[in-house]
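Heads up, the thing below is written out as C-alpha cells.
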Amino acid sequence: MSNAIWDALVATPLPEVRHRAAVVDDLAEVKPVTVAGAHRLAWNDRGGQSAVWYFTDDGRVLLLTFDHESSLNLYAEEDFALQESFFEGVPEPLVALVRDRPENYESLNLTDSATGRTIHYAGGVFWYDGTHWHVSSGLAEHCRREDVDLFGESGFDYCLGVYRFGQDFTAETSVAIREEDGRYDDEKQKEADLTSVREVLIRHGR
C-alpha cells in the first residue's frame, strides 16, 4: 500500500499528530469534545469534506475522513450495513466512540432500520493501536473488491492535506494553503490572517 500522505502520517510521532490536529481544529473553529475517554478534534472545509480524530486516554486513535462527492459517500446511499462493515477490524472500544452517538457537523448518523442503532458515516476509517497505524480491514476489503482508489475516494488525500504531515507546519505554510484556495482579497487581509494563525500556534505551544 503506497501513498505519500499515509507514509508521512505513519512516520509522524503521535504527539506531533495530536498537536497538528489540535491546531487545525482551532483554525477550523471546531469545538473540541470529550467523548467516553477520548478527545475529539476535527476539520471541515465547509463544503462537505471532513476529518475527525478521536485520541483515546490509552494512546489509541480513530481517524475518519469523508468526501461527499466520492463513491464512498455511503450517507447518500443510506447503506447502514455497508457503512458498518467499514469499521471491521477496528477494536470495538474505538468503534463505540461513533456508535449510537449524537451526530455533529462533521459526522451525521446512518440508522439501521431494523434495530434503530446508529453509526457515524465515514468514507475512510483508519486507526492507531498505540504503535502502528492501520486501514480498517473492512474498508480495505471493500476497495479491493470494488476496485476503488482507497486513499482518493475515502477523502484521505484531500482531508489530510491541511495537516501537512511530512512537511513544515508553520503559520506561513498554513496561510500559503489558504492563499492557494483564494481565501484573501488583498495583502492586508493575508497579513491579518497570518497574525491570527501565529496566535493559534502559540496557544498550542509553538
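The values are calculated or read from the model by the stated rules, or taken from the named source; none is laboratory data. Given the structure is predicted, the values throughout are model-derived calculations rather than measurements. Cβ atoms come from the backbone with ideal geometry, glycine included; neighbour counts cover every protein chain shown. Just the protein is used for accessible areas: all its heavy atoms, side chains included, with ligands, DNA and RNA removed. Shrake-Rupley method; radii C 1.70, N 1.55, O 1.52, S 1.80 Å.
Can you tell me the relative contact order of the range 131-206? Whole percent, Cα pairs under 8 Å, sequence separation 6 or more.
Values: 24 pairs, mean separation 15.2, N = 76.
Once normalised by length, the contact order is 20 percent.
The residues of the range 40-173 expose, per residue, 43 Å² of accessible area to a 1.4 Å probe. Charging the Cβ of each Asp and Glu at -1 and of each Lys and Arg at +1, and nothing else, the dipole of the range 1-114 about its Cα centre rounds to 440 debye.
For the chain, modelled as a GNM with alpha-carbon contacts under 10 angstrom, which of ALA36, ALA192, ALA22 fluctuates the most? Of ALA36, ALA192, ALA22, the Gaussian network model singles out ALA192 as fluctuating most.
Once the mean of 1/r is taken over each pair of separate Cα atoms and inverted, the range 103-149 shows a Kirkwood hydrodynamic radius of 12.7 Å.
With loop membership from DSSP and a limit of 16 other Cβ atoms within 10 Å, the longest segment of the chain without GluC sites (Glu not before Pro) is 104-206. Under 10 Å, Cα contacts only: if you run a Gaussian network model on the chain, which one of ASP67, ASP129, ASP185 comes out with the highest mean-square fluctuation? Among ASP67, ASP129, ASP185, the largest mean-square fluctuation in the Gaussian network model of the chain belongs to ASP185. Taken about its Cα centre, the range 103-206 carries a charge dipole of about 420 debye when Lys and Arg each add +1 at the Cβ and Asp and Glu each add -1 at the Cβ.
Quick test of the membrane-span-like rule: which DSSP H helices of the chain reach at least 15 Å along their long axis (C-alpha atoms) with mean Kyte hydropathy at least -1.0?
14-27, 187-203
Report the percentage of all Cα-Cα pairs in the range 1-76 whose separation exceeds 17 Å, rounded to a whole percent. The share of Cα pairs beyond 17 Å in the range 1-76 comes to 52 percent. For the range 48-119, the extents of the C-alpha atoms along the principal axes are 34, 28, 22 Å, listed from largest to smallest. Per-atom-type breakdown for the chain gives carbon and sulfur 48% of the accessible area (1.4 Å probe, protein chains only). Which residue fluctuates most in the GNM of the chain (Cα springs below 10 Å): GLY47, GLY166, GLY89? For the chain, modelled as a Gaussian network with Cα springs under 10 Å, the answer is GLY47. A viscosity of 0.890 mPa s and a temperature of 25 °C, combined with the Kirkwood radius over Cα pairs in Stokes-Einstein, give a translational diffusion coefficient for the range 45-169 of 167 µm²/s.
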